[in-house]
1. At a threshold of 8 angstrom on Cα-Cα distance, excluding pairs fewer than six apart, so keeping six or more, what relative contact order does the stretch B:6-242 reach in percent?
2. Peptide B:89-95: average number of partner chain Cβ atoms within 10 Å per residue?
3. Once you have the alpha carbon radius of gyration of the protein assembly as shown, what is it after dividing by 2.2 N^0.38 Å, with N set to its residue count?
4. Ranked highest first by the average count of other Cβ atoms within 10 Å around their residues, in what order do A:273-279, A:125-131 fall?
5. Run the dipole for the protein assembly as shown about the Cα centre, Lys and Arg Cβ at +1, Asp and Glu Cβ at -1, nothing else charged, and hand back the magnitude in debye, nearest 20.
6. Exposure proxy check: B:V198, B:V106 ranked by fewest other beta carbons within 10 Å?
7. Arrange the peptides A:284-290, B:148-154 so that the one whose residues have, on average, the most other Cβ atoms within 10 Å appears first.
8. Give, rounded to the nearest 20 debye, the magnitude of the charge dipole that the stretch B:6-242 has about its Cα centre when Lys and Arg contribute +1 at Cβ and Asp and Glu contribute -1 at Cβ.
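Each value in this text was obtained by applying a stated rule to the coordinates, not by laboratory testing. Computed from a prediction, not measured in an experiment: that's the story for all the values here. In this analysis, Cβ positions are derived from the backbone assuming ideal geometry, glycine residues included, and neighbour counts consider all displayed protein chains.
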Amino acid sequence: MNQFVTVTLNGLTLAALYFVVASGFTLIFGLMRVVNMAHGALYLLGGYIALEIQTRWFEDEGSGLGLSLSGASDTEYSVFAWFVPLVLATLIIGVLGVVLQQVFLRWNQGQDLRQALITIALSVILADQMLAYWGGISKDIAAPSAWPTSITLPGDVRFGFFRGVVVLAAALIIGLGLYLIIKRTRFGKIVRAGVDDRDMVSALGINVNRVFIGMFFLGAMLAGIGGVLGGTMISLAPGQDTAFLLNSLIVVIIGGMGSLGGAAIGALALGLVDAYADVYLVFGDVDLTNYSIIVTFALLVGVLAVRPLGLFGRPA
Amino acid sequence: MSEPLLVIEDLHAYYGTAHVVEGASLTMGAEPVALIGRNGMGKSTLCKALSGTLGVNGRTTGSVRLDGADIQGKAAHKIAKAGVGYVPQGRRLFQSLTVDEHLQIVGASSKAAWTPKRVYELFPRLAERKHVSGTSLSGGEQEMLSIGRALLTNPKLLIMDEPSEGLAPTVVETLIETIKDLAAAGMGLLVVEQNLGVATALADRVVVMVSGSIATETTSGQLLSDPEQQKRYLGVEPLAEAA
C-alpha cells in the first residue's frame, strides 16, 4: 500500500513536471502551428543556466573548504540561491525563445517542415555546445538547504519535499496562471482568436507578430522553468533535452495539440503510466520493467486509435 | 481632398502559383459600390487582397491606395489601421470566443467613433447574447457580430463579402437597412453579392468582375431592367449562356 502511494506520488510529480514543459510546447503550437523541436534544448539549457548562476554566485559563501570531496553538499544554500537562478534562467530562456522565433522562424511562417527542421538543427547544435561546456556527467541544482529533504505523509509514507510539494505546487500555480491569462486577459483572448483564425485577427488591426513574440516568450519561459524544476528534482544530463522533447510530444499528442487542458490530462496520463510501468511490470518471475517505455507507446497508440487528434484536439 | 477613397490599379493576386486576380482596376469614393460576378471570378480573392488576408501563400502586385495612402502588399493589421474594415465571407467568427470577447480583442479606443457600446446599440440582439459563444449565434446574429467587429476598427471603407449569404429574407431586409444607414453616415462600402436584390438595394453603382478583373460597370436600375445583363454577369441561367 505504501509502495502504491509512493509510486502514485512519483507519477503525479513527474506529470507536474511534464505539464510545465509541455504547456509551453502546446501553446506555441496552438497559436503558431510551429512544432518547436528545440523545446527540449531550451528545457535543458534553462536548467544548466540556473546551475551555472547558482555555482558562480552562491556556491562560495559559507564553508571555505573547497576541497571537500562530497562537493556541493557542504555548501549552505539560501532560498535566494535557488530562486534567483530560477528567475534569471527563466527570463534568459524566454528571451532566447523570442530570438529563435524572430531570427529563424518568422520568415518561414506556414512552412511547417522547414520550421521543424530548423528547430531540430538548433537543438542538435545546442546539445553539442551544452555537452562541451557542462560535460557528460549528470549534475543537480541544489534546493535551498533550509527546506526539508522529505515530508512524512499520513500512513508513514515518506516523500521528497521538493518533488512532492514544490514541483506539484509550481505546476498547479503555473496551470492556474496560464488558464487565467488565456481566459481573462486581452492577450489570452487574442491568442484564442489566433488559434481559430489568424488572418482574421490581423484583419482586425491586431499585430499578430507581437502576439507571436509574447507567446514564444511565454512558451520558452515554461521550458526554462521546467528545466530548473527538473534539474533540482531529477538532474541535468545530456540526452534529457531529447527525452523532454519526446515527453512533451507524447503529452500533447495524447491531450491534443494546442489545448492547455489536454496538456494537463496528457501529462497526468504519461506521468502515471511511466511511474506504474516502472514498478508494476513484474509478473511472477518475469521482470518487464525494462520495457516500460512500450507501455507509454501503447497508451499513445490507444489514444490515437480512438481520437486521432488527441483527447482535446481540434482540426487545424 | 481630391484623392478618391479607394483607387485600385492593375491589382494582381496569387495563391502560390495560381493567378486569381488578373489586373483589376477600380476607383470609388464614399458611395456604396456593389461588386458582382459569377462564382470563381475572383471576387472573394479581391476582397482578401484588399484586406491583406490572402494568407502565407498569397501575394499581390499592383497598386491600392486608400485616401491617398498606399496599402498594397501591406500587413493586414496595417491595412486595418489605415481604415479598411473587412467582413469576410462565411463571417469567420472565432469559435473559442464569446460575443463580448470578439469586440474586446479589437481594442478600440474609448474615444473612437465606434466602441463596443455603440455596436451593441446598433445591434441590440448582440447585447442580449454577450456571453454566448460567437459560433452558437443564428446566422443573422453572426453576420451582425462580424460587421460589429469590423466597425470597431473604425474603417473608412467597409469591405463586405456576401453579407446576405445563407440568411433568411426577413433578416436580410433588416441587414440591408443597417448597412444603408452606415453608408448614409459616410462610410465607404464595397459589397460583394451574388444576390441581385441585395446588391441593387445597397448600391446604385454596380461593377462586374469577370475572369479576375473588373470587366464593366452598370447601375442597379439598368441591371434590374435588363434580364440579359443579369444572365451575363451573374449567370442566373448558366446553362443557356454556355450553349
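1. 27 percent.
2. So the per-residue partner count for this stretch is 4.
3. In units of the 2.2 N^0.38 Å rule of thumb, it is 1.20.
4. So the order, starting with the most tightly packed, is A:273-279, A:125-131.
5. 640 debye
6. The fewest-first ordering by Cβ neighbours comes to B:V198, B:V106.
7. B:148-154, A:284-290
8. Charge dipole, the stretch B:6-242, about its Cα centre: 880 debye, nearest 20.
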